[in-house]
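K.L.:
Structure provided below as structure tokens; questions to follow.
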Amino acid sequence: MARQLFGTDGVRGRAGHFLTAELALSLARVAVSRTGGTEHPRVLIVRDTRESGEMLESAIAAGVAAAGGEALLAGVLPTPAAALLVRRHALQLAAVISASHNSFEDNGIKLFGGDGFKLDDDTEHAIEEELARAPAPPERIGRVHGFPGALAHYLEELHGRFAELDLSRRRILLDCANGATYQAAPEIFRRLGAEVEIVADQPNGRNINDRCGSTQIGGFAPLLARGGYDVGFSFDGDGDRVLAVDRDGVVVDGDELVALAALHLRERGRLAGGGVAVTVMTNYGFHQAMAAAGIGVATTPVGDRYVLDELRRRGWMLGGEQSGHIIDLGFGPSGDGIASALLTLEALGERDLRERDAMHKLPQRLVNIRASDRAALAAAIEDPSVRVAIDQANIAVSGRGRVLVRASGTESLIRVMVEASSEEETEAVGARLAEAVRAALDE
């Protein structure tokens, strides 16, 4: 049976349409029966600020209880808090209700095992297969409880890791995306001594990621230059990503943040295995910088799931994506935007973010070309004329950049990416390659 529900980051779709209360209840019931591991498993339930979150929270709690489990309602917390707390309290499962950086109409369900890691592909596949079967009645019905102190426990984890970080001379602006970080992020920065101001910290159920957050950072970046802040951090809706902005309003993406962290952790003797894992979209300048520093790099497909799998396979600790999804397994088992922001400041020490020198970023051109369907997309990528164009582009930037042509994992798009040593060369090579792809699609 092909996977129908789970994508690379759980189950996600339009709330009340695709992702209904009935589906949420069934998913929770089956997940508890398959992964609980005890007679009466305890399941943590966390959500972001979307208006559909409470409906889905109730449905998941009902599914947990229907399977004989104990549902623990922690309310609004960042996704990484669930991954930490399920381990801290020796729980059997965690369900996070969030659609990350999507708009409020969407929602999603991410499932974490008792080890704090997302459920693996085989387990998700088994859950999907079992959904079609009639559920076996439990020996007894479970219960639903509140889980007071969850936010405090998450803050304790953050403070314990970064207790030595003194932010008393930092003036910081935070963009909380009207999402799950709106309480936790300002509090931990203030505890560490920073002067903090916040935007997008008034969630109303519908304004999550609305002209704010790390995927819509255009309005946030200019505030740094105008407001005299030392640094700014912009989170996404569920708090597992972060982008930084320096005092001049320049956006610093995940590639640079991972590079800063890698050099810092290696200097402190905490870069286990001496390497980092990144995706195929990571800037070529990152690879050059890590090679110069003697740090190994493993490259994965796009998606934090693949980065995490590679880290676990190699026994490494640090990895991430250009989008700002950064994983430090020395702290927690998932990407954590707040922890990544604090790690950035720890890596900088007394330096200003404008003084970052971890890597030289190569100019990059990314073109998204729409195909009529997945079949046309696949045919165009394998078209002989496109393969020739790719070879020619690779020769043009050899040793000074790179070329990537790939199919989107979620849309009928071909993504053409070129990096080279100058803006002019990047634009020219990218334009020629994109034209070859368009011509193949029109055949």
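K.L.:
Going by the structure shown, is residue 233 assigned by TED's automatic domain parsing to the domain that holds residue 186, of a type in the set (A, V, I, L, M, F, W, C) and farther than 24 Å from residue 350 by Cβ? So that I can check it myself, show each step before the final result.
P.N.:
Numbers: assigned by TED's automatic domain parsing to the domain that holds residue 186: yes; of a type in the set (A, V, I, L, M, F, W, C): yes; farther than 24 Å from residue 350 by Cβ: no.
Taking the combined requirement at face value, the residue does not satisfy it.
This table checks each residue for (1) surrounded by fewer than 24 Cβ atoms within 10 Å (Cβ to Cβ); (2) under 22 Å from the mean Cα position of the chain (by Cα); (3) modelled with pLDDT under 95.
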{"site": "56", "(1), (2), (3)": "no, yes, no"}
{"site": "61", "(1), (2), (3)": "no, no, no"}
{"site": "67", "(1), (2), (3)": "no, no, yes"}
{"site": "84", "(1), (2), (3)": "no, yes, no"}
{"site": "95", "(1), (2), (3)": "no, yes, no"}
{"site": "119", "(1), (2), (3)": "yes, yes, yes"}
{"site": "128", "(1), (2), (3)": "yes, no, yes"}
{"site": "132", "(1), (2), (3)": "yes, no, yes"}
{"site": "145", "(1), (2), (3)": "yes, no, no"}
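K.L.:
Looking at region 346-374 only, could you name the residues that are among the aliphatic types (A, V, I, L, M) and outside any loop (DSSP other than H, G, I, E, B)?
P.N.:
Going through region 346-374, the residues among the aliphatic types (A, V, I, L, M) turn out to be 347-348, 353, 358-359, 362, 366-367, 369, 371.
Matches in region 346-374: 347, 348, 353, 366, 367, 369.
K.L.:
Considering only residues that are in contact (Cβ under 8 Å) with a residue 12 or more places away in the chain and either aliphatic (A, V, I, L, M) or touching a Phe, Trp or Tyr at 6+ places or on another chain (Cβ under 7 Å) (or both), look in region 146-162 and name the one that is farthest from residue 81 (Cα to Cα). Don't jump to the end; show me each part of the working.
P.N.:
Quick first cut of region 146-162, residues in contact (Cβ under 8 Å) with a residue 12 or more places away in the chain only: 146-147, 150-151, 153-155, 157-159, 161-162.
Those left that are additionally either aliphatic (A, V, I, L, M) or touching a Phe, Trp or Tyr at 6+ places or on another chain (Cβ under 7 Å) (or both): 150-151, 155, 158, 161.
On the way: 150: 8, 151: 8, 155: 9, 158: 10, 161: 14 Å.
Within region 146-162, the match that is farthest from residue 81 (Cα to Cα) is 161.
K.L.:
Can you pull out the residues in region 375-423 that are assigned to a loop (DSSP other than H, G, I, E, B) and polar (S, T, N, Q)? It would help to see each step written out before you state the result.
P.N.:
Of all residues in region 375-423, those assigned to a loop (DSSP other than H, G, I, E, B) come to 383, 398-401, 408-412, 420-422.
Matches in region 375-423: 398, 408, 410, 412, 421, 422.
K.L.:
Now a separate question. Quick check on region 327-342. Is at least one of its residues among the polar types (S, T, N, Q), part of a strand (DSSP E or B), in contact with a strand residue (DSSP E or B) (Cβ under 7 Å, 6 or more places away or on another chain) and closer than 17 Å to residue 251 by Cα?
P.N.:
Initially, region 327-342 is screened for residues among the polar types (S, T, N, Q), giving 334, 340.
Filter once more, keeping what is part of a strand (DSSP E or B): none.
Looking through region 327-342, none of the residues is among the polar types (S, T, N, Q), part of a strand (DSSP E or B), in contact with a strand residue (DSSP E or B) (Cβ under 7 Å, 6 or more places away or on another chain) and closer than 17 Å to residue 251 by Cα.
K.L.:
With a cut-off of at least 1 residues that are among the aromatic types (Phe, Trp, Tyr), name the strands (runs of 3 or more DSSP E) lying wholly within region 194-294. Spell out the reasoning first.
P.N.:
On the way: elements: 195-199, 231-235, 242-246, 275-279.
Once the strands (runs of 3 or more DSSP E) in region 194-294 are filtered for at least 1 residues that are among the aromatic types (Phe, Trp, Tyr), what remains is 231-235.
K.L.:
Starting from region 1-25, keep only residues that are at pLDDT below 90, then list their pairs with residues that are among the polar types (S, T, N, Q) and not in a strand (DSSP E or B) whose Cβ atoms are within a distance under 9 Å, requiring at least 6 positions of separation or different chains.
P.N.:
As it stands, the answer is 7/410; 8/410; 9/100; 10/98, since those pairs meet every condition given.
K.L.:
Could you please let me know if residue 335 is small (Gly, Ala, Ser) and crowded, with 24+ Cβ neighbours inside 10 Å?
P.N.:
Answer is yes for this residue.
K.L.:
Just a yes or no: is a residue in region 35-43 modelled with pLDDT of 95 or more and either assigned by TED's automatic domain parsing to the domain that holds residue 210 or within 25 Å of the chain's Cα centre (by Cα) (or both)? Let's see the steps before the verdict.
P.N.:
Of all residues in region 35-43, those modelled with pLDDT of 95 or more come to 42-43.
Next, from what is left, pick out any that are either assigned by TED's automatic domain parsing to the domain that holds residue 210 or within 25 Å of the chain's Cα centre (by Cα) (or both): 43.
Yes: one or more hits.
K.L.:
Turning to a different aspect of this structure: Determine, yes or no, whether residue 314 is charged (D, E, K, R), touching a Lys or Arg at 6+ places or on another chain (Cβ under 7 Å) and in contact (Cβ under 8 Å) with a residue 24 or more places away in the chain. Before the answer, list the steps.
P.N.:
Details: charged (D, E, K, R): yes; touching a Lys or Arg at 6+ places or on another chain (Cβ under 7 Å): no; in contact (Cβ under 8 Å) with a residue 24 or more places away in the chain: yes.
In short, no.
K.L.:
Check whether at least one residue in region 114-132 is outside any loop (DSSP other than H, G, I, E, B), in contact with a helix residue (DSSP H, G or I) (Cβ under 6 Å, 6 or more places away or on another chain) and not aliphatic (A, V, I, L, M), and report yes or no.
P.N.:
Yes, the conditions are met somewhere in region 114-132.
K.L.:
Does residue 324 meet the test of being assigned to a loop (DSSP other than H, G, I, E, B), surrounded by fewer than 18 Cβ atoms within 10 Å (Cβ to Cβ) and not basic (Lys, Arg)?
P.N.:
Details: assigned to a loop (DSSP other than H, G, I, E, B): yes; surrounded by fewer than 18 Cβ atoms within 10 Å (Cβ to Cβ): no; not basic (Lys, Arg): yes.
The answer is no for residue 324.
K.L.:
Let me ask you something else. Give the residue, chosen from 216, 202, that is surrounded by 15 or more Cβ atoms within 10 Å (Cβ to Cβ) and not small (Gly, Ala, Ser). So that I can check it myself, show each step before the final result.
P.N.:
Values: 202 fails: surrounded by 15 or more Cβ atoms within 10 Å (Cβ to Cβ).
Testing whether each residue is surrounded by 15 or more Cβ atoms within 10 Å (Cβ to Cβ) and not small (Gly, Ala, Ser) leaves just 216.
K.L.:
Considering 285, 239, which residue is closer than 29 Å to residue 95 by Cβ and in contact (Cβ under 8 Å) with a residue 60 or more places away in the chain? Step through it out loud before you land on a result.
P.N.:
Numbers: 285 fails: closer than 29 Å to residue 95 by Cβ.
Answer to the selection: 239.
K.L.:
Which one is modelled with the highest pLDDT, of the residues in region 209-241 that are β-branched (Val, Ile, Thr) and under 19 Å from the mean Cα position of the chain (by Cα)?
P.N.:
Of all residues in region 209-241, those β-branched (Val, Ile, Thr) come to 215, 217, 231.
When the remaining residues are screened for being under 19 Å from the mean Cα position of the chain (by Cα), the result is 215, 217.
On the way: 215: 93, 217: 96.
Checked region 209-241; the qualifying residue modelled with the highest pLDDT is 217.
The values are calculated or read from the model by the stated rules, or taken from the named source; none is laboratory data. Keep in mind the model is a prediction, meaning the values are calculated, not measured. Heads up, the Cβs are rebuilt from the backbone with ideal geometry, glycines too, and the neighbour counts pull from every protein chain shown.
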